[in-house]
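Structure first, commentary second.
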């Protein structure tokens, strides 16, 4: 196995980590309108991810930085090509971070409500757009012989990619609902389970359609295995949710995301960004990658740092393992 | 009009705006993390309540600030690819690695432990909670180091070769990139300036309260901590700036010459206090100068030769082909002066403050004050400043908060524009670095979006800071004084509200 293959896998791992973790963060944000009935319940939801959302988002920064270092051409083509959707995502992530931190810093009704609206929209929009982006990456876009994206922003909004957007949107919402059931007590926990069933069924239908389409368009034997794993995990997550096994349900909805992302990357390999204009102009793990020397240094760094990160991030979840209910939220704003 | 709005120009403006804005928060984050950690350490060790109240107060300001630093940092990570895709392709093999290191090692560290610190007051035993803020502090410093190593490579590329076939620069020695003298001196200078910034912030806010005779006990402590930080960091900033200047003189003579508007090489070369020149003709019409000082700054020798702008321009034309290799001279010249002027002004105000508020050993008995009294400002041996002058010192000390922020901004504007037309000195020009596929409309949109969003957020942030600054340190609660003994919190009362919630 070449180092650039290793880095293809590592970047897949980083994106998987990002979607697994920020997936339920986005879901929580969406549920502030879908599930919460009043301000205390909204605060319960926000506080389930309070200590961890920032660390979760770093998976994205790391995926971005690692792509820059390991596959500079992939980074360059992707980020300059998907310019406007990325701009929207960046704006959302900026506003969202500030919204979490500033919302409770003033007691005024208006202030808090505005930031709550912001949390909802800035969670919903990226949850959708990441699916659109990955749909386009897997399907391929108009890339010329200089690795430049030559399509327009409208080309990115094709039916397949939009369906991909719906998949991430519904899957993340489901993931968030299951997370809520696991992390809260009281009424909201019961309602989260009920909502998880409904959202999960929609997610199952949309995801199945999208993954089958992917399989038909660019799949292979290995991606088929991942597809089956994703669908099976989603069905099992729904069943666990119905049985009230919240921990299992969350692990399985997470597994669904892992398997679905794995399927996308397996369909992609050895390309990293296929060209729809000419197969020779596709970016691949070989023609887009850095030198073996750079990859070797990066491999050492990742081999040491990644397990440590997982260890101390995991520890954070353990520290904040207690369920939260409305009774735990103090009245006064800080 | 067409030229003014060329995608390259827009992309440069966007980079300038977003970077300077981001760097308003960075130095405060770096220094306030450590200063807050210091205050919390004092609380854990002495159990004096004033330290805990101070920790909570400065910690809050730190959090309001770091939130902005974090979110504006996301843009920094991605705009290389968005606006500068040819740069990314050309240097990714080298430049990407420190960025990835920064994310993997520093960002994860900072973001995870900041979450633990914010929410951990009633979930972690005292010492573990304290360790979290120190972890955050280490994270901020590591982060600064990696990104500065990356920037230093743009100032002075080392440890690479050019692969002509693939048309890119390739890494040959990562250790050289991380440890070259440019990176070391730039990190030293930036970190000391960061502490000058945080120290001045602390001095300013403490002075604001002391002038109003409020929260005296806490504010006296932090005034002192701030003043000491300003004086030590100010001194080190000057020393590191001098080191960096000498490195720059060797590695980027054009930048040094531009900083001085030294058009033609001189031996010895003077330091210019004021200059007004004609860029077209390449000379100054007015110049006030200190003889020999530039030679000393550049080379430690009052008589050394320092090449001028016209000399370096000619040399670079011979080396790299026809073209204009001069940066924007007025920006470099004045940027350099604003940086030094504002930075050193806050150092001087800090030094004055440290003398004026000196403690009992050096004061006659009648000028000493108790723990709950505002210190007298004692200029001469036996006499305090009167009721006219004292408020002025407090006022100036409050204003000094802004000085290092201005100095930092000009420092970056100077060092980045002073490198132009190069994006990587001597290797890649800025005009060859932009994204060829990104349209004018797209860059314009993103520049307008970021600028307006940042402007709105600046208003929100400053108002919020002002609210919490005016409110002063919070009253302590039972929970604050009885931290948990077990990780995850004590289980005495399952329905007890959280000590902190969003």
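The values are calculated or read from the model by the stated rules, or taken from the named source; none is laboratory data. Just so we're clear, the structure is a prediction, and the values are computed from it rather than from any experiment. Cβ coordinates were reconstructed from backbone atoms using ideal geometry, including for glycine residues, and neighbour counts include every protein chain displayed.
Looking across A:226, A:216, A:232, one residue alone is part of a helix (DSSP H, G or I) and touching a helix residue (DSSP H, G or I) at 6+ places or on another chain (Cβ under 6 Å). It is A:226. Counting only helices (runs of 4 or more DSSP H) that fall entirely inside the stretch B:47-144 and contain at least 1 residues that are within 10 Å of chain A (Cβ to nearest Cβ), modelled with pLDDT of 95 or more and touching a strand residue (DSSP E or B) at 6+ places or on another chain (Cβ under 6 Å), the qualifying elements are B:85-101. Could you look through the stretch B:481-502, keep only residues that are in contact with a helix residue (DSSP H, G or I) (Cβ under 8 Å, 6 or more places away or on another chain) and either surrounded by 17 or more Cβ atoms within 10 Å (Cβ to Cβ) or more than 9 Å from every other protein chain (Cβ to nearest Cβ) (or both), and pick out the one that is farthest from residue A:96 (Cα to Cα)? For the stretch B:481-502, the residue satisfying everything is B:481.
One line per residue, one yes/no per condition, for (1) at pLDDT 95 or above; (2) touching a strand residue (DSSP E or B) at 6+ places or on another chain (Cβ under 9 Å); (3) more than 8 Å from chain B (Cβ to nearest Cβ):
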| position | (1), (2), (3) |
| --- | --- |
| A:85 | yes, no, yes |
| A:89 | yes, no, yes |
| A:95 | yes, no, no |
| A:99 | yes, no, yes |
| A:112 | no, no, yes |
| A:118 | yes, no, yes |
| A:129 | yes, no, yes |
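Across the stretch A:92-113, the qualifying residues are those that are surrounded by fewer than 20 Cβ atoms within 10 Å (Cβ to Cβ) and without any contact (Cβ under 8 Å) to a residue 24 or more places away in the chain, and the one among them that is nearest to residue A:45 (Cα to Cα) is A:113. The single residue among B:178, B:227, B:171 that is under 30 Å from residue B:351 (Cα atoms) and at pLDDT 95 or above turns out to be B:227. For the stretch A:57-74, filtered to residues that are over 18 Å from the mean Cα position of the chain (by Cα) and part of a helix (DSSP H, G or I), the residue that is farthest from the other protein chains (Cβ to nearest Cβ) is A:74. Could you please let me know if residue B:180 is within 21 Å of residue B:245 (Cβ to Cβ) and touching a residue at least 60 places away in the same chain (Cβ under 8 Å)? It is false that residue B:180 is within 21 Å of residue B:245 (Cβ to Cβ) and touching a residue at least 60 places away in the same chain (Cβ under 8 Å). Applying the set (1) free of Cβ contacts under 8 Å to residues at least 12 places away in the same chain; (2) within 13 Å of another protein chain (Cβ to nearest Cβ) to residue B:164 leaves exactly one unmet item: (2). Just one of the numbered conditions (1) more than 24 Å from residue A:225 (Cβ to Cβ); (2) within 14 Å of chain B (Cβ to nearest Cβ) is not true of residue A:272; which one? Result: residue A:272 fails condition (1) only. Pairing each residue of the stretch B:439-458 that is within 17 Å of residue B:74 (Cα to Cα) with any residue that is part of a helix (DSSP H, G or I), provided the two are 6+ apart or on different chains, yields C-beta distances under 6 Å for B:446/A:87; B:447/B:10; B:447/B:14; B:450/B:18; B:451/B:17; B:454/B:21. Could you tell me whether the stretch B:473-480 includes any residue that is buried (at least 17 other Cβ atoms within 10 Å of the Cβ), away from every other protein chain (no Cβ under 11 Å) and over 28 Å from residue A:323 (Cα atoms)? Yes, the conditions are met somewhere in the stretch B:473-480.
Is at least one residue of the stretch A:139-158 outside any loop (DSSP other than H, G, I, E, B) and surrounded by fewer than 16 Cβ atoms within 10 Å (Cβ to Cβ)? Looking through the stretch A:139-158, at least one residue is outside any loop (DSSP other than H, G, I, E, B) and surrounded by fewer than 16 Cβ atoms within 10 Å (Cβ to Cβ).
Residues of the stretch A:38-56 that are at the interface with chain B (Cβ under 7 Å from one of its Cβ atoms) and assigned to a helix (DSSP H, G or I): A:43, A:46, A:47, A:54, A:55.
Within the stretch A:281-305, how many residues are touching a residue at least 24 places away in the same chain (Cβ under 8 Å), part of a helix (DSSP H, G or I) and either buried (at least 16 other Cβ atoms within 10 Å of the Cβ) or more than 11 Å from chain B (Cβ to nearest Cβ) (or both)? Matching residues across the stretch A:281-305 total 6.
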